[in-house]
Amino acid sequence: MAKALFHSSPLSSSSSVDISMTPAKASTIFGTHLRSSEIEQTHLRFPDSFKNPTLRLNTLMESPVLTSEIMDKSAVVSDKALNQFKELRNRFLGFKKEKYSQNLEHYQSLSQNQAPKFMVIACADSRVCPTSILGFEPGEAFVVRNVANLVPPHENGPSETNAALEFAVTSLEVENILVVGHSCCGGIKALMSYQDEINSNSSSFIKNWVIVGKAAKLKTKAAASNLDFDQQCRHCEKESINRSLMNLLSYPWIEERVKNGMLSIHGGYYDFIDCTFEKWTLDYKGSSSKADGGYSIGNQEFWS
């Protein structure tokens with residue numbers, strides 16, 4: 001059986017000391033009572049040499065060969081991770097030197113308060129960073145990202161996405177909500193691939209999440225059944241954005257602000273294959289058929 005010995009950092013220059021708890025009455029440690037029998041065999045050991053302050057774990061295993069293999073693999077993984085974080089460190093220091101330090105007053109102001117005009121709901125896909133593609137600076141956009149940039153309806157109950165929505169709308173009082181979808185979306189492909197009704201007892205987190213886009217899938221199947229699978233997915237990528245815009249109106253505190261002209265709801269579609277961006281705005285007055293998924297859009301633009 002493996003045995004482990006932890007060497008602590010130096011507390012004294014004296015030699016090793018063993019401290020054993022002797023039988024006594026119940027002791028109190030941080031407000032917790034422990035019986036002496038439970039701590040009687042506790043030992044604190046301070047090693048003779050503290051030349052290396054690094055915490056060391058020496059594990060004795062029955063199989064030296066297995067130990068060697070594990071250590072070799074761990075070393076490779078550790079070196080790879082070390083190099084990756086070294087690159088991140090360089091990027092951070094570059095940011096601090098070239099942006100933070102040169103705009104110190106702005107960043108100090110942000111440390112006290114934030115007042116973004118935009119909330120962006122985007123996909124978690126690593127190829128779709130709204131800050132990069134739309135050029136948001138710190139403090140300009142409150143961003144939440146999830147699989148397939150979906151907005152669940154109000155009746156679905158709490159989620160990370162609508163928690164962020166509540167904060168952005170009711171506390172930060174953003175003026176625009178922008179839902180950004182994209183080409184080749186794996187979440188939408190997963191949604192379109194599921195053939196049967198998703199069981200609420202399914203153990204797949206992905207399945208249980210993307211079912212939020214079921215209405216968009218059904219509308220896509222009805223309108224684009226003659227297209228091949230990839231074309232249907234592209235159609236659904238845009239349809240799911242519109243469905244999410246309608247779902248936003250199911251939140252009373254969002255609909256009220258949209259109705260009063262305090263908040264606008266927009267859709268966006270980023271095609272990273274040819275680097276184009278489509279943008280449109282939900283027309284609240286023309287979107288009265290919320291029950292059947294009806295909507296009207298305006299202010300359409302195509303950036304290329």
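The values are calculated or read from the model by the stated rules, or taken from the named source; none is laboratory data. Computed from a prediction, not measured in an experiment: that's the story for all the values here. Every residue, glycine as well, gets a Cβ built from its backbone with ideal geometry; the counts of neighbours run over all protein chains shown. Surface areas here come from the heavy atoms of the whole protein model, side chains and all, with no ligands, DNA or RNA. Shrake-Rupley method; radii C 1.70, N 1.55, O 1.52, S 1.80 Å.
Couple of notes before you dig in:
- Any hit, segment 253-268, residues being touching a residue at least 40 places away in the same chain (Cβ under 8 Å), open to solvent by 40 Å² or more (accessible area, probe 1.4 Å) and not in a helix (DSSP H, G or I): yes
- Qualifying residues in segment 136-160 (those that are within 15 Å of MET246 (Cβ to Cβ) and open to solvent by less than 50 Å² (accessible area, probe 1.4 Å)) - the one nearest to the chain's Cα centre (by Cα): ASN149
- Qualifying residue in segment 102-115 (condition: part of a loop (DSSP other than H, G, I, E, B), free of Cβ contacts under 8 Å to residues at least 60 places away in the same chain and among the hydroxyl-bearing types (Ser, Thr, Tyr)): yes
- Considering residues of segment 155-206 that are over 11 Å from MET119 (Cβ atoms) and aromatic (Phe, Trp, Tyr) only, the residue modelled with the lowest pLDDT: TYR194
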